[in-house]
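See structure below.
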Amino acid sequence: THLNFPARVFRMKANEFITSRVRTTCETFALVSLAGTVAQRKHRASSYREYHSEKDHNEALDTLMYITEDTEELNAWMWLLVLRTRNLVNRLWPKIEAVATALMERRQLTKSEVEQVIWEAVTKKGR
């Protein structure tokens with residue numbers, strides 16, 4: 001997995017010494033893991049297959065297990081993050097589409113190119 005946590009976080013059991021910073025980092029990672037699936041479903045639901053998101057879904061669950069090991073709480077947290085991810089993708093959809101279109105044309109973008117594409121999408125929308 002490509003988590004960017006300090007090594008000491010991995011040695012903890014759920015709920016032991018979980019700070020708000022660690023919890024927020026776990027939630028953010030899980031949200032990012034779920035974003036691709038949510039965006040794919042929004043773009044073309046008929047193209048989505050469950051196996052497309054299996055790795056991302058498992059990474060989100062594994063990450064949330066650092067916060068809790070209780071199955072009921074874990075499921076509730078996961079549903080909350082799916083809902084938050086949907087809302088975020090919906091809110092950012094014009095920017096996501098603009099970057100996706102640019103990536104189809106160029107295959108790779110630098111950070112400054114992504115920023116430029118987003119800026120153009122936002123300013124075009126405002127006209």
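FYI, it's all coordinate maths here, none of it is from the lab. These numbers come from a predicted model, not from an experiment. With ideal geometry, Cβ positions are generated from the backbone for all residues, glycine too; neighbour counts draw on all protein chains shown.
Here are a few things to note about the model shown:
- Cβ-based net charge around residue 85, under 14 Å, with every Lys or Arg adding one and every Asp or Glu removing one: +2
- Proximal charge balance of residue 99 [Cβ under 12 Å; K/R count +1, D/E count -1]: -2
- Once the Cβ-Cβ distance of residue 105 and residue 84 is raised to the sixth power relative to R0 = 41 Å, the FRET efficiency obtained is 0.85.
- Cleavage-rule hits, GluC sites (Glu not before Pro), the range 35-127, DSSP coil, Cβ neighbours within 10 Å at most 16: 69
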